[in-house]
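Since the structure comes first, as structure tokens, the remarks are kept for the end.
The values are calculated or read from the model by the stated rules, or taken from the named source; none is laboratory data. Keep in mind it's a predicted model, so treat the numbers as computed, not measured. No Cβ is skipped: glycine too gets one built from the backbone with ideal geometry, and neighbour counts run over all protein chains shown. For the accessible areas, the whole protein counts, side chains as well, though only heavy atoms, and no ligand, DNA or RNA atoms are used. Shrake-Rupley method; radii C 1.70, N 1.55, O 1.52, S 1.80 Å.
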Amino acid sequence: MTYANPLSPLLLALAGLYASENRPGGTVAAQALIAAALQPAALVPARPGPLDDELQAILAGDPHPVSALVRDATPWLPWVFSELSGRIRPDIAHGMMQTELVGPDGIFPHDQVRVGLWLQSANLDYVTRAHAAEETFFILGGGAIWQAGNAAPAWQGIGALIHHPSLTPHSDCTRESPLLAAWRWTGDIAVEGYTLTG
Ligand SMILES: [Fe+2]
């Protein structure tokens, strides 16, 4: 099969995951991902991300099958620390990196949805935060203890879909392995709507 661009296989796989959410936001994300997958593009090669060693450790393990498509896409993924324009303090932000595939800051521009990949280092407490955007994570490798709203903390591992309605406070803490996940934001996707409160 001939694809429109080098990220098409990954984008289509993520579209399938978000379509399976059965939520309006998941459908919006899936439609944006499919549109990006069908868009011819000659992408710019990217340098390895700032936490590439941890990414390679996850990919060398036994991650979700979609992670093989992440590995294939890696030469074109521009990873950056998850700083959110200074809204995440450096001791946490420099333990996480993300790449936005679709969205206002994405490889494929979109003004109503953000979809990307995110890595959190091992043994990192990403403290409580909340944001206006509605969010769903899909864990591709590793796992973390998650807590959201009034729910009890619980381990979430490979294959877990984790949904946060708009403005739901949430936190997560990795243990001995790093975490790799896909994420989507829909609704009010401005980074100005994000606050770190923990
Ligand atoms: Fe979040």
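The table that follows gives values for the structure above.
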quantity: Residues being of a type in the set (Gly, Ala, Ser), assigned to a loop (DSSP other than H, G, I, E, B) and open to solvent by less than 30 Å² (accessible area, probe 1.4 Å) - total across region 74-110; calculated: 4
quantity: Residues satisfying the stated conditions in region 118-134, i.e. assigned to a strand (DSSP E or B), within 14 Å of the ligand (Cβ to nearest atom) and touching a helix residue (DSSP H, G or I) at 6+ places or on another chain (Cβ under 8 Å); calculated: TYR126, VAL127, HIS131, GLU134
quantity: Complete set of residues in region 159-183 that are near the ligand (Cβ under 10 Å from one of its atoms) and either free of Cβ contacts under 8 Å to residues at least 60 places away in the same chain or more than 14 Å from the chain's Cα centre (by Cα) (or both); calculated: ILE162, HIS164, THR168, PRO169, HIS170, SER171, ASP172
quantity: Selection count where residues are more than 24 Å from GLY187 (Cβ to Cβ) and exposed (fewer than 14 other Cβ atoms within 10 Å of the Cβ), scope region 4-51; calculated: 8
quantity: Test for ASP111: is it more than 16 Å from the ligand (Cβ to nearest atom), acidic (Asp, Glu) and under 20 Å from GLN31 (Cβ atoms); calculated: yes
quantity: Residue in region 142-158 that is nearest to the ligand (Cβ to nearest atom), counting only those that are assigned to a loop (DSSP other than H, G, I, E, B) and open to solvent by less than 40 Å² (accessible area, probe 1.4 Å); calculated: GLY149
quantity: Yes/no for ARG71 being assigned to a helix (DSSP H, G or I) and in contact with a helix residue (DSSP H, G or I) (Cβ under 7 Å, 6 or more places away or on another chain); calculated: yes
